[in-house]
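Here the structure is laid out as structure tokens; the discussion comes afterwards.
The values are calculated or read from the model by the stated rules, or taken from the named source; none is laboratory data. Predicted model only: the values in this text are computed from it and were never measured. Note: ideal-geometry Cβ built from the backbone for every residue, glycine included; neighbour counts use all protein chains shown. Heavy atoms of the whole protein, side chains included, go into the accessibility calculation; ligands, DNA and RNA do not. Shrake-Rupley method; radii C 1.70, N 1.55, O 1.52, S 1.80 Å.
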Amino acid sequence: MSDPRGHAGSEYEQMDPELAALSDAALVVAVGRYDEAALRELYRRHGDAVFGLANRVICDRHIAEEVLQDTFVRLWNSPERFDPERGTLRTYLLRMTHSRSVDRIRSEQARRDREERHEVDLATTRPPADIEREAWEMIRSDNIRNALEELSASERDAIVLAYFGGRTYREVATQLSIPEGTAKSRIRLGLAKLASHLEAAGLGVQT
């Protein structure tokens, strides 16, 4: 099931005369006995129709191919779900294809929505001004660098990422593999200690 866009020259064009003479219902029964040749024959008969519907609904050939594969995998895994008394196999496959295609559209839209929300978050979650801004204004000085060495490694790493690297809280959390709340706490605690060191050095940062 690797060439949904056209079967000419593929292994599925090499019909088994005995299988070709069987009805769809009989072939589904054979699939229930794990007969791969029977599944190939059903794919040969209905693969183009399944792919065509998926591609029309989704308008993305790559995802349509995935739906095609998924539809026949589902038939292989659960052939007993097909009831010939309720309609033809093609109708059953197309109904399953349409449902799966709609699910994929919703999934892709949800993914795009998450990405858009993430972009908004990036624009609105920069660390707030106050002592953090004051520390940043002096971050390039040797005194700041010396003061950073007095912090714990976890606090120093978070601050360096946020202020040397320009990362948001969320980006710091992701890079350090820690919760966002933990990243915020480390940055704020580290900056408070940093401010204390700077004040002791006579640099005038107030907490």
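Filtered by the rule that a residue be more than 15 Å from Arg74 (Cβ to Cβ) and more than 27 Å from the chain's Cα centre (by Cα), the range 36-56 gives Glu36, Ala37, Ala38, Arg40, Glu41, Arg44, Arg45, Asp48, Ala49.
Of all residues in the range 120-140, none satisfies being at pLDDT 70 or above, touching a helix residue (DSSP H, G or I) at 6+ places or on another chain (Cβ under 6 Å) and not β-branched (Val, Ile, Thr). Could you list, in sequence order, the residues of the range 177-198 that are of a type in the set (A, V, I, L, M, F, W, C) and open to solvent by 50 Å² or more (accessible area, probe 1.4 Å)? If the condition is that a residue be of a type in the set (A, V, I, L, M, F, W, C) and open to solvent by 50 Å² or more (accessible area, probe 1.4 Å), then Leu189 is the only one that fits. In the range 149-187, what count of residues is obtained for those that are touching a residue at least 12 places away in the same chain (Cβ under 8 Å) and part of a helix (DSSP H, G or I)? Selection size over the range 149-187: 21.
When Ala158, Ala192, Ala162 are checked against the criterion of being at pLDDT 80 or above and touching a Pro at 6+ places or on another chain (Cβ under 7 Å), a single residue qualifies: Ala162. Checking Arg114, Arg95 one by one, the residue that is part of a helix (DSSP H, G or I), modelled with pLDDT under 90 and open to solvent by 70 Å² or more (accessible area, probe 1.4 Å) is Arg114 and no other.
Taking the criterion of being touching a residue at least 60 places away in the same chain (Cβ under 8 Å), farther than 20 Å from Tyr34 by Cα and of a type in the set (A, V, I, L, M, F, W, C), the only residue of the range 59-97 that qualifies is Ala64. Whenever a residue of the range 31-49 is farther than 17 Å from Glu18 by Cβ, its partners that are open to solvent by 30 Å² or more (accessible area, probe 1.4 Å) and in a loop (DSSP other than H, G, I, E, B), lying with C-beta atoms within less than 9 angstrom and at least six residues away or across chains, give the pairs Gly47/Met1; Gly47/Asp3; Asp48/Arg5. Note on the range 49-65: residues that are at pLDDT below 95 and among the acidic types (Asp, Glu) amount to 1. In the range 57-68, the residue that is surrounded by the fewest Cβ atoms within 10 Å (Cβ to Cβ) out of those that are under 19 Å from the mean Cα position of the chain (by Cα) and within 19 Å of Arg45 (Cα to Cα) is Glu66.
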